[in-house]
Amino acid sequence: MTPIFEFKNVCYSYAIQKNANHPALQDFSVRVPGGEKIAVVGRNGSGKSTFFLHCNGLYKPQAGQVFFKNEPLAYDRQSLKKLRQQVGLIFQNPDDQLFSASVAQDISFGPLNLGLSDADARARVQTAAELCDITHLLERPTHALSGGEKARVALAGVLAMEPEVLVADEPLASLDPWVRLTMFDILQKIYDQGKTILMATHNLSVVRYWASHVIVIDAGRAVFAGAPRELLANKPLLDQTGLARVWWNIDMDYPDPANSQAKLID
Ligand SMILES: Nc1ncnc2c1ncn2[C@@H]1O[C@H](COP(=O)(O)OP(=O)(O)O)[C@@H](O)[C@H]1O
Ligand SMILES: [Mg+2]
């Protein structure tokens, strides 16, 4: 397996008070395969968001290293700009992502920043808006959208950059079941284009039916990376990470996912 990302012994602590640090990632090592649909699971506070914020260089490891396509990340302006073109991050909270006055402006920010012409940027906005089913929202102010609308606008803004890797931090959390299905359709299209998707989620159905690979994070460490069925069959690990307690209805038979789309609705 050639990993698209490799984290080697990454440590990252937040300064919570004077002289007090809270370790969010500790000796965090994982290889992330390219071209897969990857679910990232773990309890609140386990370190999922901190992991994701390292993927596009927003955070820099305090120890250890992050590799993208076998190259160590560089943190100068130019390298970060190039990286963020290839790795699109959708924040856990869309309010952290949206900052322009109108939806169209927000989505065009990335493409314009890439140096595209106005016409090319407009075309990117249109394509991304159609994909995310938000063409009717383009002239609306970003602050006056519902949570689900904001989530789709944030996604469109990232897709307008045409990234190779999409890193989405709990993107389903604020979505109703219909928009959720739309989200899966969009993700499927991106996956079919050969791209890599990482999604943090608490949704067992996503792990079982959507993901082709799962990473489990527990107390700042990656404690599992592998096939979903392998994880679901690993009772000791499910017990150790507390997943067994919340996934009490895991059906170890791992049924045929032919009807997976319907089952993705909680
Ligand atoms: N800005 C922050 N300041 C201080 N501590 C933080 C901050 N963000 C996260 N943490 C802490 O770091 C740990 C990991 O958080 P996070 O990566 O957000 O986990 P997850 O996304 O899995 O819920 C948690 O214990 C959390 O409280
Ligand atoms: Mg989080």
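The values are calculated or read from the model by the stated rules, or taken from the named source; none is laboratory data. Just so it is clear, the model here is predicted, and its values are computed rather than measured. Cβ atoms come from the backbone with ideal geometry, glycine included; neighbour counts cover every protein chain shown. Only protein heavy atoms, including side chains, enter the accessible area calculation; ligands, DNA and RNA are left aside. Shrake-Rupley method; radii C 1.70, N 1.55, O 1.52, S 1.80 Å.
Karplus couplings for region 8-16 from phi (6.51 cos²θ - 1.76 cosθ + 1.60, θ = phi - 60°), rounded to Hz, Gly and Pro as x?
10, 6, 6, 10, 8, 10, 9, 7, 9
Counting only protein heavy atoms and using a 1.4 Å probe, what share of the accessible area of the chain belongs to carbon plus sulfur, as a whole percent?
Details: 6260 of 12940 Å².
The nonpolar share, carbon plus sulfur, comes to 48 percent.
In whole Hz and in residue order, list the ³J(HN,Hα) couplings for region 108-122 that follow from phi through the Karplus curve 6.51 cos²θ - 1.76 cosθ + 1.60, θ = phi - 60°; x for Gly and Pro.
Values, residue by residue: 7, 4, x, x, 5, 5, 6, x, 5, 5, 4, 5, 5, 5, 4 Hz.
For H213, what residues show an amide H to amide H distance below 5 Å, using hydrogens built from the backbone and excluding near sequence neighbours?
Excluding prolines and chain starts, which carry no amide H, the hits are K37, A39.
For labels at A123 and L181 in the simple 7 Å Cα→Cβ model, what's the distance in nm?
Label-label distance for A123 and L181, simple model: 3.3 nm.
Of K18/K82; K18/K60; K37/K69; K189/K235; K8/K69; K48/K195, which sit over 25 Å apart, Cα to Cα? Provide the component values of the computation, followed by the final result.
Values: K18/K82 35 Å; K18/K60 21 Å; K37/K69 17 Å; K189/K235 33 Å; K8/K69 13 Å; K48/K195 20 Å.
Beyond 25 Å between Cα atoms: K18/K82; K189/K235.
Once amide H atoms are built 1.01 Å from N in the peptide plane, which residues 5 or more positions from I4, or in another chain, come under 5 Å H to H?
For I4, whose amide H was placed from the backbone, the distant partners under 5 Å are V32, G34.
Can you compute the modelled spin-label distance between N113 and A219, with each label point 7 Å from Cα toward Cβ, in nm?
If labels sit at N113 and A219, their model points lie 3.7 nm apart.
How much accessible area per residue does the chain have, in Å², with a 1.4 Å probe?
On the way: 12940 Å² over 266 residues.
In whole numbers, the chain has 49 Å² accessible per residue.
Calculate the length of the line joining the C-alpha centroid of region 124-201 to that of region 71-122, in whole Å.
If we compute the Cα centre of each part, the gap is 14 Å.
Say R0 is 45 Å: what FRET efficiency, to the nearest 0.05, do K69 and D95 get from their beta-carbon distance? All intermediate terms of the calculation are to be shown ahead of the outcome.
Working: r = 31 Å, r/R0 = 0.70.
Efficiency at R0 = 45 Å is approximately 0.90.
List the relative contact order of the chain as a percent without decimals, with contacts defined as Cα pairs under 8 Å and 6+ residues apart.
Relative contact order here is 25 percent.
Give the long-range amide H neighbours of I90: residues separated by 5 or more places, or on another chain, with amide H under 5 Å away, using H modelled in the peptide plane at 1.01 Å from N.
Those qualifying (amide H under 5 Å, at least 5 residues apart or on another chain) are V167, A168, D169.
Taking the Cβ-Cβ separation of K60 and S205 as r and a Förster radius of 35 Å, what is the calculated FRET efficiency to the nearest 0.05?
0.50
Given the DSSP H assignment, sum -39500 (n - 2.57) over each helix run of at least 4 residues in the chain and divide by its residue total; what's the result at 222 nm in deg cm²/dmol, nearest 500? Present the calculation step by step, with values, prior to reporting the outcome.
Numbers: 10 runs with 91 residues, N = 266.
Rounded to the nearest 500, it is -9500 deg cm²/dmol.
In the neighborhood of D27, defined by Cβ-to-Cβ distances under 10 Å, what is the net charge if each Lys or Arg adds +1 and each Asp or Glu adds -1? Please list the in-between numbers first.
Numbers: positive: K8, R221; negative: none.
Once all neighbours under 10 Å are counted, the net charge is +2.
Give the Rg (one decimal place) followed by the Dmax (whole number) of the chain, computed from C-alpha coordinates and expressed in Å.
18.5, 56
For the chain, set up a GNM with springs between Cα atoms under 10 Å and report which of K48, K195, K69 has the largest fluctuation.
K69
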